[in-house]
1. What residues have an amide H closer than 5 Å to that of Tyr115, excluding those fewer than 5 places away on the same chain, when H is modeled at 1.01 Å from N in the peptide plane?
2. Spin-label point model (7 Å from Cα, Cβ direction): what's the Lys83 to Arg52 distance in nm?
3. Taking θ as phi - 60°, what are the ³J(HN,Hα) couplings along the stretch 69-85 by the Karplus curve (6.51, -1.76, 1.60), each to the nearest whole Hz, with x for Gly and Pro?
4. 7 Å from Cα along Cα→Cβ at both Val121 and Gln69: what's the point-to-point distance in nm?
5. Using all C-alpha to C-alpha distances in the stretch 30-87, build P(r) with 5 Å bins and read off the rounded percent in each one.
6. For Thr73, enumerate residues with amide H under 5 Å from its amide H, sequence gap 5+ or separate chain, H modeled in the peptide plane.
7. Quick one: Karplus J couplings for the stretch 115-128, per residue in order, coefficients 6.51, -1.76, 1.60, θ = phi - 60°, nearest Hz, x for Gly and Pro?
8. Run through the stretch 5-93 and list the trypsin sites (Lys or Arg not before Pro) located in a DSSP loop whose Cβ has at most 14 other Cβ atoms within 10 Å.
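Only the coordinates and a few stated rules stand behind these numbers; no lab work does. Just so you know, these numbers come straight off a predicted model, no measurement behind them. Cβ coordinates were reconstructed from backbone atoms using ideal geometry, including for glycine residues, and neighbour counts include every protein chain displayed.
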Amino acid sequence: MTAADSPIDILLIEPNPGDSRLFTESFQDASLTNTIHSVTDGESALDFVHQREPYADESTPDLILLEPQLPRTTGFEVLAELKDEPALCEIPVVVLTSSTTGEKIVKSHDIEADYYLQKPVSADEFLEFVQSVEEFWLTIVQQSPEEQSAEQDNQSGTPEEQSATQEQ
């Protein structure tokens, strides 16, 4: 089994229980063998990645899906802490934006995520989202660190602009 075939641990940081359930069910519907861990606020997210109680027995996630609008500690603060810590800065972070302007809002905080995806609103869009996350994961697993850095540099603009660029 290659690294690309191995199940991955995904940390979903999502305050909306309905959206969290849809994300989890969509990953299950896509028949992916990934493990989805879900937390609802920034403090719990930081406790999870630092393996503090009640998450002391959890493994460090391979991928983080982050909604920036969180209670308590914001998603911007979580992202800043992740990028500041050598042990955590290599974890890919996908910021879930609620609109095409969401990426601009995140970037206005001068914190670069690894990828931005528009948050799905329908069941079909959730399944498409899961496929996008899987494609993103396969891309970063199969690339060298230098290729990943170049890819990140090319990922400016809205998700729609990125799609249009990739299709050309």
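1. Val93, Val95
2. 2.2 nm
3. For the stretch 69-85, the Karplus curve yields 8, 10, x, 6, 8, 6, x, 5, 5, 4, 4, 4, 5, 4, 6, 7, 9 Hz.
4. Going by the 7 Å Cα→Cβ label model, 1.2 nm.
5. Spelled out bin by bin, the stretch 30-87 gives 4, 18, 29, 25, 15, 7, 2 percent.
6. Those qualifying (amide H under 5 Å, at least 5 residues apart or on another chain) are Gly42, Glu43.
7. For the stretch 115-128, the Karplus curve yields 7, 10, 10, 6, 5, x, 10, 10, 4, 4, 5, 5, 5, 4 Hz.
8. Numbers: sites: Arg21, Arg52, Arg72, Lys83; in loops: Arg52, Arg72.
Answer by residue number: Arg52, Arg72.
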